[in-house]
Every structure is written in structure tokens, then in C-alpha cells.
1. How would A:HIS210, A:HIS188 line up from fewest to most surrounding beta-carbon atoms within 10 angstrom?
2. Check A:ILE60: other-chain or 5+ apart residues with amide H under 5 Å from its amide H, H built from backbone geometry?
3. Using a 7 Å offset from the Cα along the Cα-to-Cβ direction at both B:ILE96 and A:LYS179, what is the distance between the two label points in nm, to one decimal?
4. Give me A:CYS35, B:CYS32 sorted ascending by neighbouring Cβ count inside 10 Å, so fewest comes first.
5. Loop-only GluC sites (Glu not before Pro) in region A:81-136, please: DSSP not H, G, I, E or B, and at most 16 other Cβ atoms within 10 Å.
6. For A:ALA98, enumerate residues with amide H under 5 Å from its amide H, sequence gap 5+ or separate chain, H modeled in the peptide plane.
7. Would you mind listing how long region A:153-254 runs along its three principal axes, going by Cα atoms, in whole Å with the largest first?
8. Based on C-alpha coordinates, I'd like the Rg and Dmax of region A:58-111, in Å.
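A short reminder: the numbers here are calculations on the coordinates, not readings from a lab. Keep in mind it's a predicted model, so treat the numbers as computed, not measured. Don't worry about glycine lacking a Cβ; one is built from the backbone with ideal geometry, like all the others, and counts go over all protein chains shown.
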Amino acid sequence: MFDIVLPQDSKPLAGTFDVLIVGAGPGGMTAAIYCARGRLSTVVLERNTAGGQMALTERIENYPGFPEGISGFDLTEKMKKQAGQFGADLREITTVAAMEPAGDRRWRIVTDEETLTAKAVVLAPGVEARNLGIPGEAEFLGRGVSYCATCDGALYRGKQVAVIGGGDSAVEEGLFLTKFADAVYVIHRRDQLRANKVAQERAFANPKMHFIWDSQPRVIRGEGKVEAVEYQNLKTGVVASLPVDGVFIYVGQAPNTAFLQKIVDLDEWGYIKTDPLLRTNQPGVFACGDARTTPIKQIAWAVGEGALAGIQAEKYIDLLGEPEAAAATESEATESEATEAAATESEATEAAAQSPISSEASGARGTPTGGRSAAHPGGEPTA
Amino acid sequence: MDAVTQDRFAAEVLRAPGKVLVDFWAEWCGPCRTIGPVLDELEGEYPGVKFVKLNVDENPAVAQSYEVMSIPTLLVFDDGAVVKRIVGALPKAKLIEELGELMG
């Protein structure tokens, strides 16, 4: 394969690749496996550490191939190893600051450390925990406030904690916390949980789990570290204070797409819009995983999308490399690529896109690690 | 980076002369594993600072007394007193920025 942008006598420039993948969750890592195995030079940029929401999940019971279940950390390690053995270059703790067209049908990505260019980009930046936005939340981050029970739960042995929220993550992570904490108080603004039934049954049967209904946290108090959370009953207006050592916040997620705002089309909640072949409105830019407008946030689904995005990137690059494509104008090349890729891929992918949607959610996905996620405040509500 | 335990914490950190960086970590913590090698590099670059790591699962009392509620947490001690606290994994350049003056 020839790199059409470089002078003929030059070696590939440092920082010049076939594919850049933004995000090393299950979607991004699957795309990396396909691209690297397709002999494309592939770099995966990860703001945090690999695995995304998956890595923060204590136990995954609905990902095929692991009938006994597998920890998110172990599954992450396996995916990392698989992408790595085909030559994908994973760069962790690397934040993407900007993305822009670099001319010659390439894309430029600026990270906090360097500038990279590539012929194709797969966007898989994932989602992060939303903030509550109450006093004390930012102040006590890492000192009692957390968005990740799997990360920090073990540091709360013998303590009392509050969990904010009533969805899958809140209830499942709350249950996880009962392994360490003496008491877990779930504070929820409604009078019933939204979590899946299995999690609800386990939660109501667990003597360490307590529920505070119809209530909204107002302020997190403490001196140097969390000592209490004050909450208000929404029906009576009464404010109460609950002494706790930790507050775990699970009030939804928002996509990590702020850096893409003027680059690709986003929906009203900030999720990346694509066609059924996972193409964004920009040529050579594909998207997969939780940050895409997607019906479900599940690892199995993200992996499928990662495969499609990786294969699409590969086909796009193949077409770029053809002499006629190279000679054509940008818009012609893009159009012919689009038509041909659509023709070859549509059957398989449309079948995938239309397959039944499962609402099974027993492998609830956690939220990002405290220290890093806090630097990236949440955006629009997702539910 | 050498490991330090609860029993040896006073001798090797609190009573150690000059600056000591303690990396609070655990096996199960992905971000801890990522910054481990970065700290190993920094150890070589700052010969005047002692670098040690403390496993929070094996040494919960130390983690509790310094109110380590999230890992990785890095604490820099100077003559026994905490002079810097960094919570969460940071890229190397950012770590150097945060630690720069202290370690200089």
C-alpha cells in the first residue's frame, strides 16, 4: 500500500499513520484488532487507561465466550493483548485536544504530547459519568467522592457510604460496595428503582443496602474529607444529613465528544451521528461504541460496531490508495468510495444494524476513575 | 521502585531525610499499573528524591491515616510532612509539571 501524501523518496514521517483510533474501550480496541490485522499502521489514543467503562465493571456476565463471567479488567487485558499482537500501538494517558483536516485527504489529531496524522480516523471516545453539580462534589473528589466503586470501593472497608442514583450502575455498584462497606445508602429521586430486575432483587435482599426514596442530594460536607451528605425529600421538602465516608455518584453518562463539536455532526445530546455503516459526515472518519448515537450501551454491541468501523476504515484506505482515486478530486474520491463501500458492505451491516435489540444489562458498566474523570465534567443528560 | 510496608513506613518515609514520593496502589487498579512504569522513569530522573510504592490492600492502616480514598494517589513527603497530593493517573509531562518545583 502506498502512502499517497508523502514524497516518493521519504520514509513515513514520525506521527504519520494509516488509522488513528480515539478511545481504547471495547469498540476502539476491536477496530484496532481489525485494522492492525489488516496490516494498517494503527495507533490507539486513550485519555485514561484501556478498557473504558468496561475496565471499571466488576463482573461481566453477558459477554459471549465467558460462561463463568469475567472481570472488566481481565477482559480489557485480553483485548489489549490481542490488538497489540497484531501491531496496534496503544498510547494510554494521552488526551486528544483537537482534530482537524490536514489536507491531502488526511486527518490531523493533536494530543497533549504530539501531533499525529492518518488517512482514516475511528472515533470511539466513549462516555463518562455525569456530575451532580452540587457543592462539595468537586472539592472532595478522591477524598470521599467517587464515580467508580470498582476503583475505590476497597478503600471503604467497614465504612458507611451513599450511592446516588437508581439505575443499573447505581444499584449494581452499590451491591459491589456491600462487600466492603458496613452500610450502603441508595439515595434516589424517585420512589422506585430503574435498575434491571435481577439487580433490584439482589439489592432488596441484601441487609447492608438501604434506600432513601424521593430524595435529592444538596450538598456534600466534611473537613478535608467527606463526612456527610445532605439530601432533601422532594415530596416534603425536609432536608436531612446522612453521615457517610463516601459518596458514589451514578446519575447517568455523557459522551466524550466536546473536542468534536465543529468537526463531525453530533446529535442534540452530543452523541456522534453516523449512517448504518458507521460513517460520520466527514470522509474517512468513522465512529463506534457508546459515544455514537446508539440504541444500547453494551460491550457486545460496541465490539460489533468496532469490527464494522475497522473494516470500513480499511476499505476506505484501500480505495484511497488506488491510482484513480488518488488522481481524482477529493469529492469524487469520497463519493466513489462511499458508493463502493456501501455496495460491498450493506448486506452484512444492515443485517447487524437491524438485529433485535436486547435490553439485557446484567453487566452494568461502571463510570470512569475518580481522579481523571473529574477533569471532564459531564454534559447533557442521557436518559 | 521499592515497596514499603506499614511496619517500615515510619522509618523509610516519615523519618527519611529529604523528599519521598509514595505511590499508593493496588493490583486490581488499572490506572495504577499504567503509571507504574512512568514513576520508574521519573525515579531515574530525580536521583535526589526517594520513590516508594505502598500496596493499599496489604497496608490499609497507612492508606486510611492519610485518607487515601482513591488510587492511584501520590503523596510527596518532605521531612515527614505531606507537601503534595496527586489523585488519579496523569501523563508523564503533566506529572513533571505537578512535581517539578518540589522535585527540582
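1. Details: A:HIS210 17, A:HIS188 23.
Ranked by crowding around the Cβ, least crowded first: A:HIS210, A:HIS188.
2. Hits under the 5 Å cutoff: A:ILE70, A:SER71, A:GLY72.
3. Each label point is offset 7 Å from its Cα along the Cβ direction, giving 3.8 nm.
4. Values: A:CYS35 32, B:CYS32 24.
Ordered by Cβ neighbours within 10 Å, fewest first: B:CYS32, A:CYS35.
5. Values: sites: A:GLU92, A:GLU113, A:GLU114, A:GLU128; in loops: A:GLU92, A:GLU113, A:GLU114.
Counting only loop positions with at most 16 other Cβ atoms within 10 Å, the GluC sites (Glu not before Pro) in region A:81-136 are A:GLU113, A:GLU114.
6. For A:ALA98, the qualifying residues are A:VAL110.
7. So the extents along the principal axes, rounded to whole Å, are 37, 33, 30.
8. In Å, with Rg to one decimal and Dmax whole: 16.7, 49.
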